[in-house]
Amino acid sequence: MHDHDPLTNRSATAARRSPARMAAGAGAALVVVLAAVWGMAPRDEPAARATTAGNHASDQREAAHAPAPQDAADLSEGRDLTPFDTQYPAIGRLDKDLLKAVQEAARDAREDGIEFRVTSGWRSREHQQRLLNEAVQRYGNAEEARRFVNTPDKSAHVSGKAVDIGPTDADDWLIRHGDNYGLCQVYNNEMWHFELLTAPGGACPAPLTDAAG
């Protein structure tokens, strides 16, 4: 006679094993759920990192070779431009005869210890309009603003036929000697603004009162 019922014993053994089996099953189910949620992230993560790094490197290469906005060089912020920095649109897009005259004057002025700096050269229409809008805000009305800033349609900077020179000692030198190169001060209220208004050695016209006149 058996001391225990084999069937009952099997049931008891199964009952004792069920917690471990349940835990194992739950763990497997959790792995499946997490894999589905993460899209098998542990396996794909290195590739994802490589792709992200590749995209970042590509963005940097494109940024390094992307051309600067045309009007970003109106003054090329942070740069001290000379008449010879023709790689920047503010200088390179000046009228070729004007640029040649300014460069010749700059070379001769250097012999007198004077260094020319271009404080503004060619401007895009968009930049000229921004300057005009800012002048209207500063002076309170368009009429007063026009004494200092022309419209894009009338601005000689937009056509590349005007250049602003600094510092003051360079302006003074060019006012006295500019006619030797055909360069003339255009406005009484802007000693820095020069245009090619006569033949080299000719007489400059009398300056206008301001940009509105």
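The values are calculated or read from the model by the stated rules, or taken from the named source; none is laboratory data. Only a predicted model underlies this, so the values are computations on that prediction, with no experimental measurement involved. Virtual Cβ from ideal backbone geometry, glycine too; neighbours counted across all protein chains shown. Protein only, heavy atoms only, side chains kept; ligands, DNA and RNA dropped before computing areas. Shrake-Rupley method; radii C 1.70, N 1.55, O 1.52, S 1.80 Å.
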*State all residues of region 156-209 that are under 19 Å from residue 104 (Cβ atoms) and aromatic (Phe, Trp, Tyr); if no residue qualifies, say none.*
173, 181, 192, 194
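When you scan region 157-204 for strands (runs of 3 or more DSSP E) that lie fully inside it, which ones turn up with 2 or more residues that are over 28 Å from the mean Cα position of the chain (by Cα)? Step through it out loud before you land on a result.
On the way: elements: 162-166, 183-187, 190-196.
Of the strands (runs of 3 or more DSSP E) lying wholly inside region 157-204, those with at least 2 residues that are over 28 Å from the mean Cα position of the chain (by Cα) span 183-187, 190-196.
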*Taking region 84-110 on its own, how many of its residues are outside any helix (DSSP H, G or I), buried (at least 16 other Cβ atoms within 10 Å of the Cβ) and more than 21 Å from the chain's Cα centre (by Cα)?*
1
*Of the numbered conditions (1) at pLDDT 95 or above; (2) in a loop (DSSP other than H, G, I, E, B); (3) open to solvent by less than 20 Å² (accessible area, probe 1.4 Å), residue 211 satisfies every one except a single condition; which is it?*
(1)
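Only one of 78, 113 is modelled with pLDDT under 95, under 18 Å from residue 166 (Cβ atoms) and not in a helix (DSSP H, G or I); which? Talk me through it step by step, then tell me what you get.
Numbers: 113 fails: modelled with pLDDT under 95.
The match here is 78.
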*Positions within region 160-176 being open to solvent by less than 60 Å² (accessible area, probe 1.4 Å), on the phi < 0 side of the Ramachandran plot and of a type outside the set (Val, Ile, Thr), in sequence order*: 162, 164, 166, 170, 171, 173, 174
*State which residue pairs qualify: first residue more than 11 Å from residue 121 (Cα to Cα) and inside region 92-108, second residue assigned to a helix (DSSP H, G or I) and small (Gly, Ala, Ser) in any location, beta carbons under 8 Å apart, and separation of 6 or more residues or different chains.*
105/178
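Which residues, counting only those in region 138-167, are free of Cβ contacts under 8 Å to residues at least 24 places away in the same chain and of a type outside the set (A, V, I, L, M, F, W, C)? Break it down stepwise before answering.
Residues of region 138-167 that are free of Cβ contacts under 8 Å to residues at least 24 places away in the same chain, as a first pass: 138-142, 144-145, 151, 153-154.
If the condition is that a residue be free of Cβ contacts under 8 Å to residues at least 24 places away in the same chain and of a type outside the set (A, V, I, L, M, F, W, C), then 138, 139, 140, 141, 144, 151, 153, 154 are the ones that fit.
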